[in-house]
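The values are calculated or read from the model by the stated rules, or taken from the named source; none is laboratory data. Note that the coordinates shown come from a computational prediction; the quantities given were computed from them, not determined experimentally. Cβ atoms come from the backbone with ideal geometry, glycine included; neighbour counts cover every protein chain shown.
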Amino acid sequence: MTLKANHAGFTLAETVLGLFVLVLSVWLLQFQLTQFKRITTYFNDDTTLNFHVANCQLGDFLADSYFVSRSDQQVTFYRMKEKKIYQLEQYQDMLRVRGATKGHMPLLQSVANVKMSYQQPILTVKITLRNRQTFISKQYLPKGSPTVE
C-alpha cells in the first residue's frame, strides 16, 4: 500500500485564522445590536407622546382656574368648577396635581426636575426627564381671586 503525499484540506493556521474571523464578526454583530437596542430605547420610549398627553390634561384642568401663589417647586391655583384649591408640583419622579386635603392626579412620570415660573397670565413649566429630555409647557392661568358664590 502506498500513501499519497498531498491531502486536500485546511492547515491548522488557516483553521485558527478562520475561527478568529468568525469570533470577531459575531462579537461586532453583538456589539452593534446592543448599541441599536440602547439607542431605540432612549429615543422611542414614548416620552414625547406622554408629555403632550400630560400637557393637554393640565390645560384642560387649568381651563377654569385662577392663579393663587407660586413657590420654587409648586404652583397653587383655585379651580372654579369644584371651588377648591389645587397645587401643581413635582412629587418624587412625577409631576402631579393634588388637592388641598387629599388625592392627586399624576400627569407625567420619570421626571427629574421641574421649574415653574409665572408672568401674568402665563404659567411656564419646564420639565426635565430622567433621560435628559426637556419640555416646556405654557398655560394660560389668569391671576385673581374670584368671588365664591
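Data table
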item	result
Residue within the stretch 78-85 that is of a type in the set (Phe, Trp, Tyr), closer than 15 Å to Lys138 by Cα and either in a helix (DSSP H, G or I) or in contact (Cβ under 8 Å) with a residue 40 or more places away in the chain (or both) present	no
Qualifying residue in the stretch 73-94 (condition: within 17 Å of the chain's Cα centre (by Cα) and within 16 Å of Asp60 (Cα to Cα))	no
Filter result (within 30 Å of Thr40 (Cα to Cα), assigned to a loop (DSSP other than H, G, I, E, B) and touching a Phe, Trp or Tyr at 6+ places or on another chain (Cβ under 8 Å)) within the stretch 89-132	Asn131
Count of residues meeting criterion [under 24 Å from the mean Cα position of the chain (by Cα) and of a type in the set (Gly, Ala, Ser)] in the stretch 95-149	5
Residue ID - farthest from His104 (Cα to Cα), chosen from residues in the stretch 68-94 that are in contact with an Asp or Glu (Cβ under 8 Å, 6 or more places away or on another chain) and surrounded by 12 or more Cβ atoms within 10 Å (Cβ to Cβ)	Met80
Leading residue by the ranking (nearest to the chain's Cα centre (by Cα)) among those in the stretch 26-47 that are surrounded by 12 or more Cβ atoms within 10 Å (Cβ to Cβ) and of a type in the set (Ser, Thr, Tyr)	Thr47
Residue match in the stretch 43-66 (condition: touching a Gly at 6+ places or on another chain (Cβ under 9 Å) and under 22 Å from Pro142 (Cα atoms))	yes
Filtered residues of the stretch 25-45 (kept if at pLDDT 90 or above and part of a loop (DSSP other than H, G, I, E, B))	none
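The rows are residues; the columns are (1) at pLDDT 90 or above; (2) under 20 Å from Ala112 (Cα atoms); (3) surrounded by 14 or more Cβ atoms within 10 Å (Cβ to Cβ).
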{"position": "Gly9", "(1), (2), (3)": "no, no, no"}
{"position": "Leu17", "(1), (2), (3)": "yes, no, no"}
{"position": "Val23", "(1), (2), (3)": "yes, no, no"}
{"position": "Leu49", "(1), (2), (3)": "no, yes, no"}
{"position": "Tyr66", "(1), (2), (3)": "yes, no, yes"}
